[in-house]
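Take a look at the structure below.
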Amino acid sequence: MIKILDARFVVTAVEPKGYPAGHTAEVAFVGRSNVGKSSMINALTQRKKLVRVSNTPGRTRTLNFFDVDLERDGQRHQVRLCDLPGYGFAKASKADKAQWEEMITTYLEKRHRLEAVVSIIDAEVGPTPDDLATLDYLQAHNRRILVVATKMDRLNKARRKPRLVELSKAMDLPLEVILPFSATEKLGVDEVWGALLGTFGKATRV
Ligand SMILES: Nc1nc2c(ncn2[C@@H]2O[C@H](COP(=O)(O)OP(=O)(O)OP(=O)(O)O)[C@@H](O)[C@H]2O)c(=O)[nH]1
Ligand SMILES: [Mg+2]
């Protein structure tokens, strides 16, 4: 079981000189615009409004850092979470898209303290071409990746397991590496933390 002791906003940044200093292990959340990145951070930190959530795609436009103190199996951990802007936001201008992409890739390539990247897929929609390209990109940059299928609550319970099997085929990944999640049902919170904390400092991928 996970116990969140504290969760707090640290800083907003758009370029490396604005990234927070220190040695805290960091985890970033990537995914399509509106997939539920910010909601996942709220669910993981057991806070309703730590991060702003919206029905309007393209809500998150900067890098937002949060520090979390937590306890798991009697052990204390401090983890820094980075909420990234989503990709594939159709209504953004070309210039905006290019600027966001630059902001995200600079972070993903340069951030030394980044221990793992949570790649979020919409369980109902399945992996989009952008999602698959992002997984390839992260793999090419040797990032440790945790794939999480969110909005599982939108599928009735009998559809969930078969859907995960379909998703694993569509992503060409073993079934065990795709974690089911729902921010509304608080499904998968312990499992995602377990997977994240279990990999820090290890050389293998999640
Ligand atoms: N049913 C359901 N809806 C969810 C879930 N997670 C997020 N949502 C909804 O999806 C919408 C987008 O959620 P956000 O968390 O803002 O998504 P985001 O990926 O941060 O979006 P951007 O910041 O625009 O990239 C909101 O209306 C949320 O309430 C979930 O697990 N289940
Ligand atoms: Mg967001």
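The values are calculated or read from the model by the stated rules, or taken from the named source; none is laboratory data. Computed from a predicted model, the values in this text were never measured in an experiment. In this analysis, Cβ positions are derived from the backbone assuming ideal geometry, glycine residues included, and neighbour counts consider all displayed protein chains. Keep in mind that these areas ignore ligands, DNA and RNA; they rest on the heavy atoms of the full protein, side chains included. Shrake-Rupley method; radii C 1.70, N 1.55, O 1.52, S 1.80 Å.
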Margin query: Restricting to region 97-145, name every residue that is touching a residue at least 40 places away in the same chain (Cβ under 8 Å), more than 19 Å from GLU26 (Cα to Cα) and open to solvent by less than 40 Å² (accessible area, probe 1.4 Å).
Written below: ILE121, ASP122, ALA123, GLY126, PRO127, THR128, ASP131
Check: Within region 63-90, which residues are open to solvent by 20 Å² or more (accessible area, probe 1.4 Å) and touching a His at 6+ places or on another chain (Cβ under 9 Å)?
Finding: ASP69, GLU71
Next item on the list: Identify the single condition in (1) closer than 27 Å to GLU124 by Cα; (2) open to solvent by 20 Å² or more (accessible area, probe 1.4 Å); (3) more than 8 Å from ligand 1 (Cβ to nearest atom) that ARG52 does not satisfy, given that it satisfies every other one.
Entry: (3)
Margin query: Residues that are open to solvent by 10 Å² or more (accessible area, probe 1.4 Å), in contact (Cβ under 8 Å) with a residue 24 or more places away in the chain, more than 21 Å from LEU70 (Cβ to Cβ) and of a type in the set (A, V, I, L, M): does region 176-199 have at least one?
Written below: yes
Note to self: Within region 161-175, take every residue that is open to solvent by 30 Å² or more (accessible area, probe 1.4 Å) and in contact (Cβ under 8 Å) with a residue 12 or more places away in the chain and give me the one that is nearest to the chain's Cα centre (by Cα).
What the structure shows: LEU173
Item checked: Close pairs from region 68-93: first in contact (Cβ under 8 Å) with a residue 60 or more places away in the chain, partner of a type in the set (D, E, K, R) and assigned to a loop (DSSP other than H, G, I, E, B), Cβ under 9 Å, at least 6 apart -> ARG80/ARG113
Item checked: The one condition in (1) part of a loop (DSSP other than H, G, I, E, B); (2) out of contact with any Ser or Thr (no Cβ under 8 Å at 6 or more places or on another chain); (3) within 13 Å of ligand 1 (Cβ to nearest atom); (4) farther than 16 Å from VAL189 by Cα that PRO85 fails to fulfil -> (2)
